[in-house]
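Novice: First the structure, then my questions, so here it is.
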Amino acid sequence: MENRSRVVNPAVSASTCCDSESPAHLVQFWSIKMSTGAPPSLQHLAMQSLLSNQALAISALEDLPLLLFPSLFIEVYAQGPTEVLKALVQAWPFSCLPLGDLAESPDLETFNAVLNGLHLLLAKKERPSQWKLQVLDLRKEHPNIWIQGYPSMARLSCPDVLTDKPRESHCSGMTEKPPLTIAMDLTIKDGAQDALQAHLLQWARERREQVQLYSRKLQILSDSFSEIQKALLVVRLDSIQELVVSEFGHPGIMKELAPYLGRMKNLHILNFYNMGGDFYSHSHKNLWYPWMIGEHLGQLQHLQELHVHHIILLNANIPAIIRSLPPLKTLSLSSCLLKEADLSFLSKCPCSRQLKHLRLRRLPMESFSSEPLKALLGRVVGTLETLALEDCAINDAQLSAILPILSQCSQLCLFSFYGNHISMATLQNLLSHMARLGHLRRGLYPAPLESYRPQEWRQRYIDHERFANVRAGLAQVLRDIGTNQKVQICTRFCHHRNKCQSYSMAPDGSWVVTEEDLPGLSALPV
């Protein structure tokens, strides 16, 4: 021990650490170096000395202190696919290996070396009781975990990853092998697939009894059900908490997907967007589509958010789809062929009774009665926190009808109402009512019709002279009501770019024009 103590003395050359070929000598030197806070360059020399001989490094893993594993893994991982990397994966002493949080994404060969290490581990008939690894996490979930090193790595857990508990074996000191969990968010798309993801899916498919693939977020951006099914047959469906479905152009894809959808028991967020075709036709051939999809959605009792964006549903039967949904926290509908009867049904549906976040965007309502929207808002006056009625062609009469209910939404924090067709008098009345809501912090309102030349408001070209007069009138109204909310008057918006131009009044009474992103509503995509 005396000689080993002298090795870390700063007065002694760093090359002294390389004098012995004993793995225990190198490990002990490295441990003393870590505890005494020696310069990083000396630690690096010690690691390089250990790794210069692969057989020596592999044999040293048995005696390696736990606090050294993270830094050694970084060093080995940077060298690419080696036998030491495979051995280090097998010897990993923590429950989770957060591979996705490393600064550099692995190349295919290095990633394959990690999988080969797991394969050798899985090939063992029984695992020693001290073997800890349960989860290979390929997501970016734990910022700076590798910089923080051993203390954070030892405390690391993945509570959102579903793992099976190991069972006791009849052999003393051994446990039966629970499936190894690999966590990775998956994206299935047309064209060339991500090489690492494709390799992982194939690898997991060949070891289905030993490996469970966990995907908290699954994005299906493909019109090829064969590619979709390859992933669905491997991934643990009850691990999916967020599902994005897009780019379908044929109703048969939805028909094939529906049974899998019903098995995603822990799904929280469901997002349909950019889909077209006669999905919900009343023709005899496709008559079953609405109720079949609704039947499977009814099994998603943990669903909290439903987003339906840019969907062309010809002969839509939306009630059949949403009838069985549980109470939602978030509902977002945009650019859909929504009928007045659909809105009326939604106001009575169980899924809408506890809404905190509601968005209706680009759903033309100029011909609607105000009663369905009034009934819907009346149902959520005590829970609604964010409300967007955007670019829906709502007019003076409709707004006046819902205003008494709207002003009772006591929990409302964000109100977005741009793109609607109301007069200056109605806008002033709206601002006066909204000023009474104590939690409201931001409101985005349309420029009133008086801001445009006659017959030009549909083209949304602001007349600058007219709008200057409007701003002067609004400034006086805002001073009179003394609102605490940030009032923005939207003069131009683009959903494709997700941008809007708006005017807001500064403390000195002047108007400030800004261009910024359209407001999001909690977790709602925009």
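The values are calculated or read from the model by the stated rules, or taken from the named source; none is laboratory data. All of these numbers come straight from a predicted model, not from anything done at the bench. Neighbour counts are summed over all protein chains in view; Cβ atoms, including those assigned to glycine, are modelled from backbone coordinates with ideal geometry. For accessibility, only protein heavy atoms count, side chains too; no ligands or nucleic acids. Shrake-Rupley method; radii C 1.70, N 1.55, O 1.52, S 1.80 Å.
Novice: Under the Karplus relation 6.51 cos²θ - 1.76 cosθ + 1.60, θ = phi - 60°, what is the ordered set of whole-Hz ³J(HN,Hα) values for segment 141-151, x standing for Gly and Pro?
Specialist: 10, 10, x, 6, 4, 6, 6, 5, x, 3, x
Novice: Find how much the distance from residue 103 to residue 393 grows on full extension, using 0.36 nm per residue of separation minus their present alpha carbon separation; answer in nm with one decimal. Walk me through the numbers before you get to the answer.
Specialist: Values: separation 290, 0.36 × 290 = 104.40 nm, distance 4.83 nm.
Stretched out fully, the residue 103 to residue 393 stretch lengthens by 99.6 nm.
Novice: Probe radius 1.4 Å, ligands and nucleic acids ignored: give me the carbon and sulfur share of the accessible area of segment 357-402 as a rounded percent. Working shown, then result.
Specialist: Numbers: 740 of 1470 Å².
Carbon and sulfur atoms account for 50 percent of the accessible area of segment 357-402.
Novice: Could I ask something else about it? Under a Cβ-Cβ cut-off of 14 Å, what is the net charge of the residues other than residue 260 that fall near it, where Lys and Arg count +1 and Asp and Glu count -1? Please list the in-between numbers first.
Specialist: On the way: positive: 230, 236, 255, 263, 265; negative: 227, 238, 256, 295.
In short, +1.
Novice: Before I look further, what does segment 361-470 give for accessible area per residue, probe 1.4 Å, in whole square angstrom? Each step should come with its number before you reach the end.
Specialist: Numbers: 4620 Å² over 110 residues.
With all protein chains present, segment 361-470 gives 42 Å² per residue.
Novice: Which value, in Å², gives the accessible area per residue of segment 55-119 when a 1.4 Å probe is used on the protein heavy atoms? Before the final figure, lay out each step's value.
Specialist: Working: 2370 Å² over 65 residues.
Roughly 37 Å² per residue, with all protein chains present.
Novice: Once you list every other residue whose beta carbon is under 15 Å from the beta carbon of residue 347, what net charge do they have if Lys and Arg are +1 and Asp and Glu are -1? Working shown, then result.
Specialist: On the way: positive: 323, 339, 348, 353, 374, 379; negative: 340, 342, 371.
Value of the local net charge: +3.
Novice: With each pseudo-label sitting 7 Å past Cα toward Cβ, what's the residue 233-residue 433 distance in nm, one decimal?
Specialist: 5.7 nm
Novice: If the limit is 25 Å between Cα atoms, which of 124/230; 217/265; 255/374 go over it? Walk me through the numbers before you get to the answer.
Specialist: Numbers: 124/230 28 Å; 217/265 14 Å; 255/374 35 Å.
The pairs that break the limit, which is 25 Å between Cα atoms, are 124/230; 255/374.
Novice: Sticking with this structure for a sec: Please work out the average accessible area per residue across segment 203-266, using the 1.4 Å probe convention, and give it in Å².
Specialist: On the way: 2490 Å² over 64 residues.
Per-residue accessible area for segment 203-266 comes out at 39 Å².
Novice: Which sequence of 390, 385, 256 reflects their accessible areas, 1.4 Å probe, from the largest down?
Specialist: Numbers: 390 0, 385 60, 256 85 Å².
Order by accessible area, largest first: 256, 385, 390.
Novice: Ignoring ligands, DNA and RNA, what percent of the accessible area of segment 190-256 is carbon or sulfur (1.4 Å)?
Specialist: On the way: 1270 of 2800 Å².
Exposed carbon and sulfur together represent 45 percent of the surface.
Novice: Further question on the same structure: May I ask you to give the percent of accessible area on segment 425-526 that is carbon plus sulfur, with a probe radius of 1.4 Å?
Specialist: 45 percent
Novice: Lys and Arg at +1, Asp and Glu at -1: add these up for the other residues within a Cβ distance under 15 Å of residue 296 and post the number.
Specialist: On the way: positive: 255, 263, 265, 323; negative: 238, 256, 295.
Taking every Cβ under 15 Å from that of residue 296, the sum is +1.
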